[in-house]
Amino acid sequence: MSETQAVAGAIDFGGTKLMVGLVDGRGAVLEHYTVPTPRELGPEGVLAEAAVQLERLLERRGLSLGDLCGIGSTVPALASSRTGMLVYAPAHGWRDVPFARMLEERFGRPARIANDVNACVLAEARFGVGQGVADFAWVTVSTGIGGGLWLDGRLLEGSGGMAGEIGHIVVEEAGALCGCGNRGCLEAMAAGPSIARRAREAGLQVADGKAVFDLARNGNVTALRVLDETAVYLARGLAACVNVVDPELVVLGGGVAESLDLLLPGIEAGLRERVILPGARKTRVVRSGLGYQAALVGAATLVLPARD
């Protein structure tokens with residue numbers, strides 16, 4: 001099966017949404033469904049729901065499981081792509097789940113898994129704005145903040161698969177409590193729920209981070225001030241990353257990145273203040289080229305044939 005003819009089954013298994021799709025060798029999503037993640041049913045229940053959705057997609061395309069080159073899946077957890085093990089999902093309380101093996105047993109096709117952020121890195125390197133770029137950092141800014149690194153033309157996972165976790169750099173001493181147990185982490189100060197929390201503390205009646213961005217676009221002064229603060233926090237975290245690994249690009253994904261235009265001036269100003277030799281730096285901050293489907297495409301990349 002050539003690269004262009006290949007079709008992969010892809011599962012983006014998130015904390016709240018489960019996206020299942022068919023992705024071809026060009027990185028195009030042919031079909032996909034999104035449903036709530038049945039997390040209360042455990043890993044087996046998530047797999048069963050993914051199987052139902054994948055079989056529906058195959059039927060719509062007139063394909064069978066045998067037509068797939070494999071099944072790739074992201075997991076919202078620390079994961080070992082080498083062993084196929086979901087090591088620890090703190091939000092779910094799951095440990096040591098052999099998720100890749102479970103996929104292979106259910107579908108009868110080769111299967112691989114990866115942390116969702118690392119899958120985004122792979123997708124961006126092969127099909128997105130990272131094509132031809134030897135060194136870039138990926139940062140997801142959404143319900144949480146995660147990061148991954150593509151250095152010297154390959155994914156850097158680290159000894160425990162946690163390389164690039166920029167969300168847990170402390171950017172505000174004695175700041176808000178983070179889910180990791182520390183205070184003032186980038187995730188606790190600049191993720192979507194954190195943006196909404198700080199806006200409410202400033203007197204705005206908002207349900208989520210998107211509402212803050214909507215108010216800012218309409219000129220609300222308080223919302224604009226909250227986003228200015230958010231840009232400062234992001235700049236602090238990104239500057240640490242830039243100083244350590246010197247990437248050519250910082251690629252932002254996730255829901256907050258869709259409103260990068262409101263944050264970018266503040267991020268760029270903050271980077272100039274904090275990076276070493278700012279005049280000599282070539283690092284650019286850009287939005288993901290794959291958008292909402294980056295993780296789904298990344299899951300497929302795990303099993304699509306390698307390029308010649």
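Just so you know, all these numbers are worked out from the coordinates, no wet-lab data involved. Only a predicted model underlies this, so the values are computations on that prediction, with no experimental measurement involved. Here Cβ is always computed from backbone atoms with ideal geometry, including for glycine, and neighbour counts include all displayed protein chains.
Calculate one ³J(HN,Hα) per residue across segment 128-141 by plugging θ = phi - 60° into the Karplus curve 6.51 cos²θ - 1.76 cosθ + 1.60, and present them in order as whole Hz with x for glycine and proline.
Using θ = phi - 60°, the values come out as x, 6, x, 4, x, 9, 6, 9, 8, 10, 9, 10, 8, 10 Hz.
Along its principal axes, what span do the Cα atoms of segment 235-298 show, with the longest given first and each in whole Å?
Extents along the principal axes: 37, 24, 16 Å.
Using helices alone, what [θ] at 222 nm do you get for the chain, with -39,500 (n - 2.57) per DSSP H run of 4 or more residues, divided over all residues and rounded to the nearest 500?
Computed ellipticity for the chain at 222 nm equals -11500 deg cm²/dmol.
Taking other Cβ within 10 Å of each residue's Cβ, how do Ser288, Ser259 sort, fewest first?
Ser259, Ser288
Please work out the Cα center distance from segment 44-93 to segment 202-275, rounded to the nearest Å.
That distance is 33 Å.
For Cα Rg over 2.2 N^0.38 Å, one of [x] 1.25; [y] 1.11; [z] 1.00 was computed from the structure I shared and the rest are decoys. Which label?
Given [x] 1.25; [y] 1.11; [z] 1.00, the calculated one carries the label [z].
Tell me, how many Å apart are the Cα centres for segment 95-119 and for segment 4-34?
Each part reduced to its Cα centre gives a spacing of 14 Å.
For segment 132-288, report the % of Cα-Cα distances exceeding 24 Å.
Counting every Cα pair in segment 132-288, those more than 24 Å apart make up 30 percent.
Counting other beta carbons within 10 Å of each Cβ, put Val87, Val75 in order, fewest first.
Details: Val87 18, Val75 27.
Starting with the residue having the fewest Cβ neighbours, the order is Val87, Val75.
Under DSSP H, which helices of the chain have Cα atoms covering 24 Å or more of the helix axis and a Kyte-Doolittle average no less than 1.0?
221-245
Can you list the trypsin sites (Lys or Arg not before Pro) in segment 68-106 that are in a DSSP coil and have 16 or fewer other beta carbons within 10 angstrom?
Passing sites in segment 68-106 are Arg82.
Based on other C-beta atoms within 10 Å, arrange Arg183, Arg307 from fewest to most.
Neighbour counts put them in this order, fewest first: Arg307, Arg183.
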